[in-house]
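Trainee: Input: one structure, supplied below.
Laboratory data are not the source of any read-out in this text; all were calculated from the coordinates shown. Treat the numbers as computed from the prediction; the structure is a model and nothing was measured. Glycine also receives a Cβ, built like all others from the backbone with ideal geometry; neighbour counts cover every protein chain displayed.
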Amino acid sequence: MTIKASYEEAKKLYAQHGIDVDEVLRKLEEIKISVHCWQGDDVRGFLFQDQELTGGISVTGNYPGAARTPNELRKDMEKAFSLIPGKHKVNLHAIYADTNEKVDLNELEPRHFQSWVDWAKEQGLGLDFNPTCFSHEKSKDGLTLSHPDAEIRKFWIDHCKASRKIGAYFGEQLGQTCVTNVWVPDGYKDIPADRLTPRRRLKEALDEVFAEELDPKHNLDAVESKLFGLGAEAYTVGSHEFYMGYGIQNDKLICLDAGHFHPTEVISNKLSSLSLFTNGILLHVSRPVRWDSDHVVVLDDELLDIGRELVRNDLLGTTHIGLDFFDASINRVAAWVIGTRNTIKALLRAMLEPVEALKQAELEGDYTTRLALAEEFKSYPFGAIWDYYCEKTGVPVREAWLSEVKAYEKSVLLGREESAPTVHQ
C-alpha cells in the first residue's frame, strides 16, 4: 500500500471520532520549533573558542565533525532542516556572533549577527536569542547578574541589554518575533549564609535590563530558572520560585526547561497552572536522564505529555517551543533531526486524539470511557499520518533521512578532522 493510500485509510478511522486529519496537518505546519544552534559545536561559540565551558554545563563525547566556523554551523543546520518537516527557527547564543572584530559581550550589536540575519532570510527561518552569561572571565566565580561587585554586575547588565536589542533587530528584520531568553548560572557550591541578598541583586539587575520598552512584535523577553548546576549544587539564585514570581509580576515569558527541576518533576504538569497567570510560556525541551544531562529528545512519555498539555489546553498559540540538548557522542546533525522530528511527532500525536470526547467523558464522570479511549488511541495509525506529512512537505519518510546524514558525514563532516577551518568564507 502506498503512503497516500495508508494515509487515506487512517483518515477514515480518525474521522469516526470527528478528527479532521487534513486540518490537523495544516495547523501542524504552522508550528515553529526553535532549534538550538549549540548542538552543532558543543556550546563553544565563535567569540571565545579557547574559553573553558562553564556555568554548570558539560558536553561529553568526541564524535568527529563539530562545526568550527559560522559557515560550517549554518551548513550543518541547513542539512538538518532539509530533513525536518515544516519551517522553523534557529536559537542563537551571543557567543555565536559572526565577526572579525575583537568584541566583548557587553559591546555586541546587531551588526555582529548580520550574516545570521541574511542567512535566515534566505532560508525562510526565524531567529531567537540568548545572552551568554557563562564561559567568560567575568563569570568564572559563578556569579553574574547577582554578583556583589557592582562593576561585574554592570558588565552583565549591559550584555543583557545589548542582547535584547539584538533580539529586537532579528524580529524586525525577519518579520518573526524573537524570544530573547535570560538565564544565568549564579549560585554557590555550598550552603550560603545569605539567600536573600543575591536574589535582591538579581531582581534589581533584571529590572535594569528590562527597563527599556521594546516592541513586543519584534522581541519578547523570557526568564529561565534552574534547580542547581555543577559548582552551584547547594543554592541557585534564579530558582523556579524566583523567576515565576518575577515573570508574573513583570509580564515576562517564563521558560520551563525539562532538565532544570528535581528529577521527579515534569514540566508538562506545570503548563496549565502557569497558563492561568501568564501571557505566554517558553519551553526548552530536553531529556534529563540524570537531572540536567541534556540528552537528545526521544518520543518518551514526558514529551508526549507536553504535546498533550499544549493541545488539550489550547496553548500552542501562546507557547514558544525550543529545544535544548547537546550530545557530542553521536552525529550532531542527526541529533537535531531526531530531536526536532520527535517534538513535532509528539504534537501531531496529541492533535490526533479525541480531545473533546475525553473531556466530555471526564465531565460526566465516565472515567471508564476516558481511560478506554485514551488507551485505544495509542495504537491508532499515527505512523501513516506522520509518513504522509513528511512526504507532503518534501522530507524523507521514516528512517530514510539517516542515509542522507551518513552521506553528509562522509562528504563533509569527516573532512573537518583533516583540515584547518577558514573562519570567514
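Trainee: Under unit Cβ charges (Lys, Arg +1; Asp, Glu -1), what dipole magnitude, rounded to 20 debye, does the chain have relative to its Cα centre?
Mentor: 420
Trainee: Spelling out what I want: for every residue of the range 99-106, take phi, set θ = phi - 60°, compute 6.51 cos²θ - 1.76 cosθ + 1.60 (Karplus), and round to whole Hz; glycine and proline get x.
Mentor: Values per residue, Gly and Pro as x: 8, 8, 6, 8, 9, 8, 4, 7 Hz.
Trainee: Within the set Lys79/Lys121; Lys226/Lys252; Lys154/Lys226, which residue pairs have Cα atoms separated by over 20 Å?
Mentor: Listed pairs above 20 Å: Lys154/Lys226.
Trainee: Hey, what's the Kirkwood Rh for the range 32-351 if you take every pair of different alpha carbons, in angstrom?
Mentor: Here the Kirkwood hydrodynamic radius works out to 19.5 Å.
Trainee: Take the alpha carbon gyration tensor of the range 171-320, find the square roots of its eigenvalues, order them as a ≥ b ≥ c, and report rounded if a/c is under 1.5; if not, report prolate when a/b exceeds b/c, else oblate.
Mentor: On the way: a/c = 1.83, a/b = 1.08, b/c = 1.70.
Taking the square roots of the gyration eigenvalues as a ≥ b ≥ c, the range 171-320 is oblate.
Trainee: Between Ile330 and Val397, what is 0.36 nm times their sequence separation minus the Cα-Cα distance? Round to one decimal in nm. Walk me through the numbers on the way to the answer.
Mentor: Values: separation 67, 0.36 × 67 = 24.12 nm, distance 2.13 nm.
Stretched fully, the Ile330-Val397 segment lengthens by 22.0 nm.
Trainee: Using label points projected 7 Å from each Cα along Cα→Cβ, tell me how many nm separate Asp104 and Glu362, to one decimal.
Mentor: The modelled label-to-label distance comes out at 5.2 nm.
Trainee: Could you give the distance between the Cα centres of the range 88-132 and the range 267-340, to the whole Å?
Mentor: One Cα centre to the other: 23 Å.
Trainee: Going Cα to Cα from Lys189, which aspartates and glutamates come in below 12 Å? Please leave out same-chain ones fewer than 8 positions away.
Mentor: Asp141, Glu233
Trainee: Within the range 143-165, whose backbone N sits under 19 Å from a point 7 Å along Cα→Cβ of Lys189?
Mentor: Taking a point 7 Å out along Cα→Cβ of Lys189, the residues of the range 143-165 whose backbone N falls under 19 Å are 143-144, 147-148.
Trainee: For the range 32-351, give me the percentage of DSSP beta bridges that are antiparallel, rounded to the nearest 5 percent. Write down the numbers at each step before the final one.
Mentor: Details: 4 of 32 bridges.
Within the range 32-351, antiparallel bridges account for around 10 percent of the total.
Trainee: A further question follows. Can you give the relative contact order of the range 32-351 as a percent, counting alpha carbon pairs under 8 Å and 6+ residues apart?
Mentor: It comes to 20 percent, rounded to a whole number.
Trainee: Give me, ordered by chain and number, the residues 5 or more places off Val179 or on other chains with an amide H under 5 Å from its own placed amide H.
Mentor: Phe129, Leu220
Trainee: Which of Ser403, Phe129, Pro192 sits farthest toward the positive end of the charge dipole of the chain, with +1 on the Cβ of Lys and Arg and -1 on the Cβ of Asp and Glu?
Mentor: Sorting the options by dipole projection puts first Ser403.
Trainee: Now for a different question. Which value in deg cm²/dmol, rounded to the nearest 500, describes the helix-derived mean residue ellipticity at 222 nm for the chain, given -39,500 (n - 2.57) per DSSP H run of n ≥ 4 and division by the residue count?
Mentor: On the way: 14 runs with 170 residues, N = 425.
Mean residue ellipticity at 222 nm (helix-derived): -12500 deg cm²/dmol.
Trainee: Name the residue, out of Glu109, Glu399, Glu409, whose mean-square fluctuation peaks in a Gaussian network model built on the chain with Cα pairs under 10 Å.
Mentor: Among Glu109, Glu399, Glu409, the largest mean-square fluctuation in the Gaussian network model of the chain belongs to Glu399.
Trainee: Another question, if that's okay. For Leu196 and Asp251, FRET efficiency with R0 = 25 Å and r from the beta-carbon atoms, rounded to 0.05?
Mentor: Once rounded, the FRET efficiency stands at 0.55.
Trainee: Next up: Could you check the spin-label model distance between Lys121 and Asp50? Points 7 Å from the Cα along Cα→Cβ, value in nm.
Mentor: Going from the Lys121 label point to the Asp50 one covers 3.6 nm.
Trainee: Let me ask something else. Quick one: which residues, 5 or more positions from Ile281 or on another chain, have an amide H under 5 Å from its amide H? H modelled 1.01 Å from N in the peptide plane, none for Pro or chain starts.
Mentor: Residues meeting the amide H criterion: Thr319, His320.
Trainee: Choose one of Ser115, Thr144, Phe155: the residue whose Cα lies farthest towards the positive end of the charge dipole of the range 26-167 (beta-carbon charges +1 Lys, Arg; -1 Asp, Glu; about the Cα centre).
Mentor: In the range 26-167, that residue is Ser115.
Trainee: Let me ask another. Using the Karplus curve 6.51 cos²θ - 1.76 cosθ + 1.60 with θ = phi - 60°, work out ³J(HN,Hα) for each residue of the range 272-286 in order, rounded to whole Hz, and write x for Gly and Pro.
Mentor: 5, 5, 4, 4, 6, 10, 10, 8, x, 9, 10, 10, 10, 7, 9
Trainee: Placing one identical point scatterer on every Cα of the range 274-425 and ignoring solvent, what is log10 I(q)/I(0) from the Debye formula at q = 0.09, 0.10, 0.13, 0.20 Å⁻¹?
Mentor: The calculated log intensity ratios at q = 0.09, 0.10, 0.13, 0.20 Å⁻¹ are -0.41, -0.49, -0.77, -1.34.
Trainee: Mind checking the dipole of the range 268-425: about its Cα centre, +1 per Lys or Arg Cβ, -1 per Asp or Glu Cβ, Debye to the nearest 20?
Mentor: Here the range 268-425 has a charge dipole of around 340 debye.
Trainee: Compare the Cα positions of Trp183, Asn269, Leu47 along the charge dipole of the chain (+1 at Cβ of Lys, Arg; -1 at Cβ of Asp, Glu; about the Cα centre) and return the one farthest towards the positive end.
Mentor: The one lying farthest along the dipole's positive direction is Leu47.
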